[in-house]
Amino acid sequence: MGSAAQLAAAALLILGFPALMSAALVPSVPAFAALTAVTYLADHYLHRKNSYLVSRLSKVRAGLSIRFLIRQLLLVLLLARLSLPDDLVFYGAIACFIAFYGLQAPHGALVTLIRNRRRMPVATRNIDLGSRIRIPDAPPRRLLHRSAEKILHLDLFAVAGILVSAELDSAVAAFTGIGLTFGLGLLYVLVLVPYVRGRRTPPKADAVLAAVDDWLACYKPETVLYFSGSKDSAYQVNMWLETMERLETRPLIVLRERVILGSLAPTTVPVVCVPGGVHLMNLDLSTVRVALYAANVGKNIHLLRVPTMKHVFIGHGDSDKLASVNPYSKVYDEVWTAGRAGRDRYAIADVGVRDEDIVEVGRPQLAPIQGRRRAPDGTRAAAADRCPTVLYAPTWEGWDGNPGNTSIVLAGENIVRKLIAADPPVRVLYKPHPFTGKVSKEAAAAHKRITALVEEAAAERADDSRFTADGDAMDEAGAELARIQARLDELAGIDRAKGDEAEATRDGIADVHRHQETARLRAEWNDAYWRSFPSYEHRVVTGARPRLYDCFNVSDAMVSDISSAVSDFIASGKPYAVTDSAGVGADEFRRQNTAVRAAVILSNDAAELGGLLDAVHDPSADPLADARTELKRYLLGPDEPKSIDRFDTAVAGLALKADARNLGHRSRLGAGNADPAETAELTNAVPGPRTASAGETEGVATR
């Protein structure tokens with residue numbers, strides 16, 4: 001149900017209809033009127049909350065229209081039981097409900113037609129299509145949003161009028177209500193008609209596709225970030241947006257699902273959403289030389305078939321999970337990894353990815369991750385003068401039920417209890433993976449228990465006299481946080497104001513100044529957030545903000561599982577622990593998972609957690625510090641050149657190979673009529689088999 005309130009509303013709705021029938025049979029007009037109001041309100045509440053029950057009722061043929069029809073039939077039954085079958089009100093009620101339902105078909109058809117005609121074959125952002133084709137304004141949102149509910153609720157006038165007439169024995173109220181219900185329903189239908197014809201409809205698919213091709217011919221994109229996936233996987237493309245903005249080539253983002261477009265984070269990069277495979281294959285992408293893929297999905301084939309560009313798998317994280325060595329990866333021209341570890345991972349897996357096709361480019365997204373905080377004299381800050389923070393960031397349970405996927409089920413409570421009870425004390429931040437509990441009920445239950453543990457410990461610490469905080473400073477930070485959030489909501493509301501897909505395509509051009517202001521405000525929001533509560537307060541952190549990297553930066557250590565979070569945290573150089581949830585043993589666990597070679601390995605009882613806490617409290621006695629430095633270079637590559645520079649260099653180098661391939665292809669096609677000397681010159685321009693240089697092997701590239 002989602003909440004106790006939704007469960008109560010569902011119970012009222014389900015029990016309300018048998019009670020309505022009883023009230024009709026008695027008959028009792030006041031009871032029937034009261035129960036009618038209860039069922040209306042409960043139904044409306046569940047729809048507003050998008051309750052799971054609403055969709056389930058539709059599956060068992062008890063959908064919204066049926067529920068309204070049953071309520072109206074029970075009203076007719078009430079009139080019959082009141083001995084009014086020969087009264088004009090009785091016949092008027094039957095005629096009204098039949099005619100009212102007759103309006104549902106044209107209303108539903110018009111709404112569907114409007115939505116279909118305004119659905120673009122290609123939806124865009126940051127692309128000026130308005131100057132190339134005419135895209136009319138969207139119909140007022142109030143006409144199409146929850147349209148079925150709105151027209152059905154027009155029966156309220158007739159139902160109320162008939163009940164008043166039945167109670168007062170007067171037909172005036174009944175026929176007034178009947179007239180309002182039918183008249184307003186007819187007006188609703190008529191208001192929709194203009195939006196399915198003439199200049200109020202967007203151009204047809206051919207015109208839209210031609211306009212997009214015209215824009216592509218002018219813009220001449222060179223590097224494409226291609227992505228397909230579910231709404232829940234939008235983070236996989238969002239993590240690459242800033243990198244795409246910083247590329248020195250002309251970037252373009254190609255999406256395949258509308259739901260991803262709706263979940264895409266703000267960006268200044270042009271975006272094209274092409275749901276249809278045929279439409280994608282007909283787009284003019286002839287200027288693109290490099291295509292980057294963030295996920296291994298079936299729809300990648302629609303772009304992989306294009307030979308004039310080079311295809312690269314960049315992924316959405318770099319870890320020792322099996323997904324990081326997917327055999328599908330061998331379909332790409334190159335696979336880019338963060339450091340040498342990625343290259344070795346493929347060699348060990350032996351899934352068909354050749355070593356010469358792997359390029360080490362670092363992780364541009366890790367630039368915001370900071371190292372250990374330093375004291376004013378430049379030395380590492382001692383933990384003795386403050387309450388250190390330990391982040392517990394478990395990954396989710398995965399689809400396969402492997403107990404080694406996550407620590408949250410078997411070890412999570414043990415880890416949190418020991419951290420809360422640590423002496424000297426530490427602050428606990430608990431930030432679970434957003435997918436936690438999606439598959440496993442045990443994981444969902446463990447998450448709830450851990451959340452309760454952290455919140456209970458936070459309440460106890462607030463009453464502990466050993467911990468004090470500057471209330472005025474927190475109040476000031478809280479006020480600042482509210483001000484920043486209000487401005488962020490205002491800026492976000494400007495984008496949400498777009499009417500529908502067609503209107504958003506026409507008007508969805510990023511305002512660079514607003515984009516920059518948003519980025520600045522998010523940084524300020526993050527700073528104010530951490531200052532708005534005591535630095536010793538245990539905290540459960542969920543949602544999009546603060547980001548995981550923000551939690552990294554305020555933490556002195558982390559406990560996690562085998563996931564990209566561990567590889568990313570290594571960029572900070574701080575101590576970390578990883579849980580061997582499957583119980584394979586510390587030595588075997590290190591052998592199987594590169595990222596834990598410099599970690600404290602935890603069993604499910606978390607008995608080894610003291611080793612991590614010792615390193616947190618006394619950084620000078622940290623036995624794994626040097627190992628983490630070596631591992632960081634192995635996993636993520638060197639600090640210099642910067643990752644974004646190496647990434648840019650890799651893009652530029654691969655673009656040259658694409659140009660050479662295309663030139664060679666044209667030379668071979670024209671070899672029959674070309675001058676032999678010219679043909680030889682063009683053929684020699686085609687590069688031979690690629691051999692990894694020593695610099696590439698170490699992940700170092702020069703521009």
_Filter the stretch 512-556 down to the residues that are under 22 Å from the mean Cα position of the chain (by Cα) and not in a helix (DSSP H, G or I) and list them by number._
VAL540, VAL541, THR542, GLY543, ALA544, ARG545, PRO546, ARG547
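Go through the stretch 306-347 and give me each residue that's among the basic types (Lys, Arg), at pLDDT below 85 and in contact with a strand residue (DSSP E or B) (Cβ under 9 Å, 6 or more places away or on another chain). Walk me through how you get there before you give the answer.
Restricting attention to the stretch 306-347, the residues satisfying the condition of being among the basic types (Lys, Arg) are 310, 321, 330, 340, 343, 345.
Still in the running and at pLDDT below 85: 321.
Matches in the stretch 306-347: none.
Take ILE135 and tell me if it is over 24 Å from LEU113 (Cα atoms), among the aliphatic types (A, V, I, L, M) and part of a loop (DSSP other than H, G, I, E, B).
no
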*asked:* Go through (1) hydroxyl-bearing (Ser, Thr, Tyr); (2) more than 20 Å from LEU654 (Cβ to Cβ); (3) crowded, with 21+ Cβ neighbours inside 10 Å for TYR293 and report which single condition fails.
replied: (2)
_Going through ALA482, ALA477, ALA486, ALA504 one at a time, which residue ends up being assigned to a helix (DSSP H, G or I) and modelled with pLDDT under 90?_
ALA504
*asked:* Can you find a residue that is touching a Cys at 6+ places or on another chain (Cβ under 9 Å), in the same structural domain as ASP580 (by TED's automatic domain parsing) and farther than 30 Å from ARG132 by Cα anywhere in the stretch 432-449?
replied: no
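Answer yes or no as to whether GLY610 is modelled with pLDDT of 90 or more, of a type in the set (Gly, Ala, Ser), surrounded by fewer than 17 Cβ atoms within 10 Å (Cβ to Cβ) and in the same structural domain as ASP423 (by TED's automatic domain parsing). If you could, list the steps in order and put the result at the bottom.
Values: modelled with pLDDT of 90 or more: yes; of a type in the set (Gly, Ala, Ser): yes; surrounded by fewer than 17 Cβ atoms within 10 Å (Cβ to Cβ): yes; in the same structural domain as ASP423 (by TED's automatic domain parsing): yes.
When the stated conditions are applied, GLY610 passes them.
Can we say GLY183 is touching a Ser or Thr at 6+ places or on another chain (Cβ under 8 Å) and either surrounded by fewer than 19 Cβ atoms within 10 Å (Cβ to Cβ) or in the same structural domain as SER58 (by TED's automatic domain parsing) (or both)? Can you show your working first?
Values: touching a Ser or Thr at 6+ places or on another chain (Cβ under 8 Å): no; either surrounded by fewer than 19 Cβ atoms within 10 Å (Cβ to Cβ) or in the same structural domain as SER58 (by TED's automatic domain parsing) (or both): yes.
For GLY183, the condition - touching a Ser or Thr at 6+ places or on another chain (Cβ under 8 Å) and either surrounded by fewer than 19 Cβ atoms within 10 Å (Cβ to Cβ) or in the same structural domain as SER58 (by TED's automatic domain parsing) (or both) - is not met.
Filtering the stretch 638-678 down to residues that are in a loop (DSSP other than H, G, I, E, B) and modelled with pLDDT of 85 or more, which residue is surrounded by the most Cβ atoms within 10 Å (Cβ to Cβ)? Break it down into steps so the answer makes sense when it comes.
Step one: of the stretch 638-678, the residues in a loop (DSSP other than H, G, I, E, B) are 638-642, 670-675.
The next check asks that each one be modelled with pLDDT of 85 or more; those that pass are 638-642.
Numbers: PRO638: 16, ASP639: 11, GLU640: 9, PRO641: 18, LYS642: 13.
Among those residues, the one meeting the criterion is PRO641.
Select the helices (runs of 4 or more DSSP H) contained entirely in the stretch 1-119, then report the ones holding at least 1 residues which are at pLDDT 85 or above, in contact with a helix residue (DSSP H, G or I) (Cβ under 9 Å, 6 or more places away or on another chain) and within 30 Å of LYS204 (Cα to Cα).
Hits in the stretch 1-119: 88-117.
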_The lone exception for ASN405 - which of (1) of a type outside the set (Asp, Glu); (2) over 31 Å from the mean Cα position of the chain (by Cα); (3) not in a helix (DSSP H, G or I) it fails_ = (2)
*Name, by its number, the condition in (1) more than 29 Å from MET281 (Cβ to Cβ); (2) crowded, with 19+ Cβ neighbours inside 10 Å that does not hold for ARG118.*
(1)
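Yes/no matrix, rows are residues, columns are (1) over 30 Å from ALA625 (Cβ atoms); (2) exposed (fewer than 15 other Cβ atoms within 10 Å of the Cβ); (3) free of Cβ contacts under 8 Å to residues at least 12 places away in the same chain:
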| position | (1), (2), (3) |
| --- | --- |
| ILE484 | yes, no, no |
| ALA502 | yes, no, no |
| HIS513 | yes, yes, yes |
| ARG522 | yes, no, no |
| PRO534 | no, no, no |
| ALA544 | yes, yes, yes |
_Breaking point among (1) in contact (Cβ under 8 Å) with a residue 60 or more places away in the chain; (2) over 21 Å from GLU501 (Cβ atoms), for ARG250_ = (1)
*In the stretch 219-270, what count of residues is obtained for those that are more than 23 Å from TRP336 (Cα to Cα) and in a helix (DSSP H, G or I)?*
9
*Which of (1) under 33 Å from the mean Cα position of the chain (by Cα); (2) surrounded by fewer than 20 Cβ atoms within 10 Å (Cβ to Cβ); (3) of a type outside the set (Val, Ile, Thr) is the odd one out, the single condition ALA19 does not satisfy?*
(1)
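If only one of SER65, SER55 is among the small types (Gly, Ala, Ser), closer than 23 Å to ILE14 by Cα and touching a residue at least 24 places away in the same chain (Cβ under 8 Å), which one is it?
Details: SER55 fails: touching a residue at least 24 places away in the same chain (Cβ under 8 Å).
Going through SER65, SER55 in turn, just one is among the small types (Gly, Ala, Ser), closer than 23 Å to ILE14 by Cα and touching a residue at least 24 places away in the same chain (Cβ under 8 Å): SER65.
Here's the yes/no breakdown for (1) crowded, with 19+ Cβ neighbours inside 10 Å; (2) under 30 Å from LEU74 (Cβ atoms); (3) of a type in the set (Lys, Arg); (4) outside the structural domain of SER28 (by TED's automatic domain parsing):
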{"residue": "ALA160", "(1), (2), (3), (4)": "yes, yes, no, no"}
{"residue": "ASP206", "(1), (2), (3), (4)": "no, no, no, yes"}
{"residue": "ASP213", "(1), (2), (3), (4)": "no, no, no, yes"}
{"residue": "VAL224", "(1), (2), (3), (4)": "yes, no, no, yes"}
{"residue": "LEU241", "(1), (2), (3), (4)": "yes, no, no, yes"}
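The values are calculated or read from the model by the stated rules, or taken from the named source; none is laboratory data. Fair warning: this is a prediction, and the values are worked out from it, not measured in the lab. Positions of Cβ are generated from backbone atoms using ideal geometry, with glycine treated the same way; all protein chains shown enter the neighbour counts.
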